[in-house]
1. Of these, L73, L40, which one is within 16 Å of ligand 2 (Cβ to nearest atom) and surrounded by 21 or more Cβ atoms within 10 Å (Cβ to Cβ)?
2. For the range 202-224, give me each residue that is more than 14 Å from V31 (Cα to Cα) and either open to solvent by 10 Å² or more (accessible area, probe 1.4 Å) or hydroxyl-bearing (S, T, Y) (or both).
3. Can you tell me which residue among G92, G33 is at pLDDT below 95 and either at positive phi or away from ligand 2 (no atom under 16 Å from the Cβ) (or both)?
4. Mind checking which helices (runs of 4 or more DSSP H) fall wholly inside the range 122-223 and carry at least 1 residues that are without any contact (Cβ under 8 Å) to a residue 12 or more places away in the chain and over 20 Å from P34 (Cα atoms)?
5. Filter the range 79-100 for residues that are over 16 Å from the mean Cα position of the chain (by Cα) and within 16 Å of ligand 1 (Cβ to nearest atom) and give the result.
6. Please verify whether Q154 is modelled with pLDDT under 95, buried (at least 20 other Cβ atoms within 10 Å of the Cβ), out of contact with any Phe, Trp or Tyr (no Cβ under 6 Å at 6 or more places or on another chain) and not charged (D, E, K, R), treating the condition exactly as stated.
7. Only one of V87, V101 is more than 16 Å from ligand 2 (Cβ to nearest atom), touching a Pro at 6+ places or on another chain (Cβ under 9 Å) and touching a residue at least 24 places away in the same chain (Cβ under 8 Å). Can you tell me which?
8. Residue by residue through the range 1-30, note down the ones that are modelled with pLDDT under 95, touching a Lys or Arg at 6+ places or on another chain (Cβ under 9 Å) and open to solvent by 50 Å² or more (accessible area, probe 1.4 Å).
Amino acid sequence: MHTSAHDGLLRVQGLNAGYGKIQILHDIDMVVGPGEIVALLGPNGAGKSTLMRALSGLLPWMSGDVWFDGKSLRGSTPRDAAQAGLVHVIEGHHVFTQLSVHDNLALAGYDIGGSERQARIRDALAFFPEIAAKIKERAGALSGGQQQMLVVAQGLVKRPRLLILDEPSAGLSPVLVDRVFEVAARLRDSGTSVLLVEQLVEKSLALADRVYAMAHGEIVLQANAREADLQTRLEEAYFGHHVAA
Ligand SMILES: Nc1ncnc2c1ncn2[C@@H]1O[C@H](COP(=O)(O)OP(=O)(O)O)[C@@H](O)[C@H]1O
Ligand SMILES: [Mg+2]
C-alpha cells in the first residue's frame, strides 16, 4: 500500500505502545479519511482503548508515528490533539452529576472564548433535543442514556474534525444506541470523521464505511464495511486465523 504522511485525515504507521515496559500495541497501521466512519471492532482486551489513548495523547508511544492532517502528533498532549481537531470521548466517561447540563458542556469548552463557546454549546445540543430541553437541570437528573449522550455532546463542543467514540453503546438500550449511531451518521454528512470503537458488530458494520478488527494488540483485518461474509471473517480473525483483507 502506498503511504505518505499526507494521505487521510488520520494516519497511523507502525505504532507500538503499551503500559510501562509491557507492550500492548504491535505495529498498528490505520487510516481514517475525511468524512468517513471507520469502525474498530475486536474482543475485550484486544487493545482498542489502548490504541485510542495512544492516538489522543493519553499514552506515550514506544515507536511508530501518527499524523493528523499531515502533521505528526508525536509528543502531543490530549489538549493539543483536541485543538488540532482530534477529540476522544473516552470509554466509560461520566458527566459531573452535580453540575447542570449547560455547565458540563461549558466545562468541555473551558479553553474556548465565551461567545464562541455558547455557539458551540448550541450547535452540540442541536444533535440532542432530548437533553437540550434539560439544559438547566442537574446532569444527575438525566437518565443514564441521556447522560451518555451528554458525554458525546461534550465531545462535539470541541468541534472535532475526527471524533473518537469508545464504546458509546455500552449500557444503552437498542433505541438509544440507534440515536447515538444516527448522530454519528449526521456528523459524517457534515464532513466530520468518526472512529467508532464497538463490540456491536452488526450495527457497526451497517453504519461504518470501513472496518478494522483488532485482536491481541494487532490489526487482524481491514475491509470495506459492505464486503461479503464480513461477520464470518471477523470471527475467524478474532480467533487467530490470519485472514487477508
Ligand atoms: N492502565 C493499564 N495498565 C496496564 N495494562 C493495561 C491498562 N489498561 C489496559 N491494560 C491491558 O491492555 C490490554 C488491552 O486493553 P484495552 O486496550 O482496554 O482493550 P479493549 O479496549 O480492546 O477492551 C489488556 O490486556 C489490558 O489488561
Ligand atoms: Mg476498551
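The values are calculated or read from the model by the stated rules, or taken from the named source; none is laboratory data. The structure presented is a predicted model; accordingly, all values stated were derived computationally and were not measured. Counting neighbours? That spans all protein chains shown, and the Cβs are built from the backbone with ideal geometry, glycine included. Accessible surface is based on the protein model in full, side chains and every heavy atom, while ligands, DNA and RNA are left aside. Shrake-Rupley method; radii C 1.70, N 1.55, O 1.52, S 1.80 Å.
1. On inspection, the qualifying residue turns out to be L40.
2. Correct list: E202, K203, S204, L205, A206, L207, H216, E218, V220.
3. G92
4. 129-132, 174-189
5. none
6. Considered against the rule, which asks whether it is modelled with pLDDT under 95, buried (at least 20 other Cβ atoms within 10 Å of the Cβ), out of contact with any Phe, Trp or Tyr (no Cβ under 6 Å at 6 or more places or on another chain) and not charged (D, E, K, R), Q154 comes out as no.
7. Testing whether each residue is more than 16 Å from ligand 2 (Cβ to nearest atom), touching a Pro at 6+ places or on another chain (Cβ under 9 Å) and touching a residue at least 24 places away in the same chain (Cβ under 8 Å) leaves just V87.
8. Correct list: T3 only.
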